[in-house]
Amino acid sequence: MFHVIFVCTGNTCRSPMAAGLFRLYLQNMGLQDCAKVESAGLAAAAGAPPSENAVKAAAGFGADISAHRSRPLTGADITPDTRFVCMTPQHAAVLQSAGVLSEHILSLSVSDPFMGDEQVYMRCAKQLSDAMPKVFRFVFGCDGVRRMQPQDAKVAAAIEQTCFAHPWSETALRESLENPNACFFLLTADGRPAGYIGADNISGEVYMNDLAVLPEFRRRGFGGLLLSALVTYARTQKAAFVTLEVRESNIPAVSLYRAFGFQQTGMRKNFYRDPDENALILTLSMDKKQV
């Protein structure tokens with residue numbers, strides 16, 4: 001799981017609004033379980049509520065930050081796995097002087113709305129909302145994840161052709177995408193499709209068909225993002241489980257699934273061809289929490 005901390009000065013205006021908007025942005029993509037999102041201030045007192053206008057402005061964009069309480073950024077927050085989104089270059093400079101690597105910092109240019117009226121806060125929230133795609137790319141390294149539509153069949157077929165010895169045809173993919181029981185997600189990176197995942201939800205049991213990421217986009221965590229989107233979908237649908245088959249020798253894929261809590265529940269002998277190989281049946285019970 002990624003750890004993201006939005007940083008401003010007092011932690012009552014900009015950074016809590018940004019954190020709330022980023023949580024909403026992730027939720028809209030079904031990726032809310034992929035990151036721990038917090039905010040902090042370089043000169044913040046502990047326990048102060050957010051500005052009233054900040055609460056109103058964030059709510060205007062669909063984010064509820066009313067429960068936020070301010071806190072100072074501490075040395076314990078600075079870890080190799082944490083990514084910082086600073087409201088200004090000055091905030092970023094302070095973090096760099098404290099030893100945070102520059103590649104772990106995203107610097108925005110968001111003016112402090114403190115003491116401004118509601119319109120000032122709304123303009124600030126709009127600026128932060130517009131920055132969310134940039135923040136997402138900084139944290140995850142891709143453009144986004146979205147539900148697929150039948151018109152995406154050609155794109156999925158091209159990914160299949162590259163990734164599999166026996167790919168699905170465009171016609172078969174289109175028929176699947178038109179099935180109301182199907183759930184497919186497409187991930188884009190560098191402005192183009194990079195991978196997809198597909199499954200069928202049969203009476204509350206989710207059967208995964210494919211998870212494919214183009215070779216040039218592998219080892220960047222994109223398979224985990226796609227899997228997280230599918231698992232989150234299964235949870236929202238109150239599914240009993242998600243299950244799949246995977247080649248016995250596909251150690252990276254098996255490791256990914258096990259990291260999400262999948263357990264082996266069976267084996268299909270000589271399930272795969274070219275080369276012939278057994279398939280492990282892996283299943284995630286929905287009472288298990290994903291990573």
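The values are calculated or read from the model by the stated rules, or taken from the named source; none is laboratory data. In this text, all values refer to a predicted model and were calculated from it rather than measured experimentally. A quick note on method: Cβ atoms are made from the backbone with ideal geometry, for glycine too, and the neighbour counts reach across all protein chains shown.
In the stretch 259-291, which residues are surrounded by fewer than 17 Cβ atoms within 10 Å (Cβ to Cβ) and free of Cβ contacts under 8 Å to residues at least 24 places away in the same chain?
Gln263, Gln264, Thr265, Gly266, Met267, Arg268, Lys269, Asn270, Pro275, Asp276, Asp287
Across the stretch 96-132, what is the number of residues that are over 25 Å from Ser51 (Cα atoms), surrounded by fewer than 17 Cβ atoms within 10 Å (Cβ to Cβ) and touching a residue at least 12 places away in the same chain (Cβ under 8 Å)?
3
For the stretch 13-49, give me each residue that is of a type in the set (S, T, N, Q) and either outside the structural domain of Thr88 (by TED's automatic domain parsing) or surrounded by 24 or more Cβ atoms within 10 Å (Cβ to Cβ) (or both). Please lay out each step first, then the result.
Quick first cut of the stretch 13-49, residues of a type in the set (S, T, N, Q) only: 15, 27-28, 32, 39.
Scanning the stretch 13-49 gives Ser15, Ser39.
Name every residue in the stretch 102-137 that is of a type in the set (A, V, I, L, M, F, W, C), under 14 Å from Leu21 (Cβ atoms) and assigned to a helix (DSSP H, G or I), in order of residue number.
Residues satisfying the conditions are Met122, Cys124, Ala125, Leu128, Ala131, Met132, Val135, Phe136.
Among the residues of the stretch 196-231, write down those that are outside any strand (DSSP E or B), β-branched (Val, Ile, Thr) and either at pLDDT below 95 or surrounded by fewer than 23 Cβ atoms within 10 Å (Cβ to Cβ) (or both). Let's see the steps before the verdict.
At the first step, the residues of the stretch 196-231 found to be outside any strand (DSSP E or B) are 203-204, 214-231.
After this cut, where a residue has to be β-branched (Val, Ile, Thr) as well, the list is 231.
The answer is none; no residue qualifies.
Only one of these is over 23 Å from the mean Cα position of the chain (by Cα) and at pLDDT 95 or above: Pro113, Pro133, Pro193. Name it. Please lay out each step first, then the result.
Working: Pro133 fails: over 23 Å from the mean Cα position of the chain (by Cα); Pro193 fails: over 23 Å from the mean Cα position of the chain (by Cα).
Pro113 is the lone residue from the list that is over 23 Å from the mean Cα position of the chain (by Cα) and at pLDDT 95 or above.
Go through the stretch 154-182 residue by residue and tally those that are surrounded by fewer than 17 Cβ atoms within 10 Å (Cβ to Cβ) and of a type in the set (Val, Ile, Thr).
2
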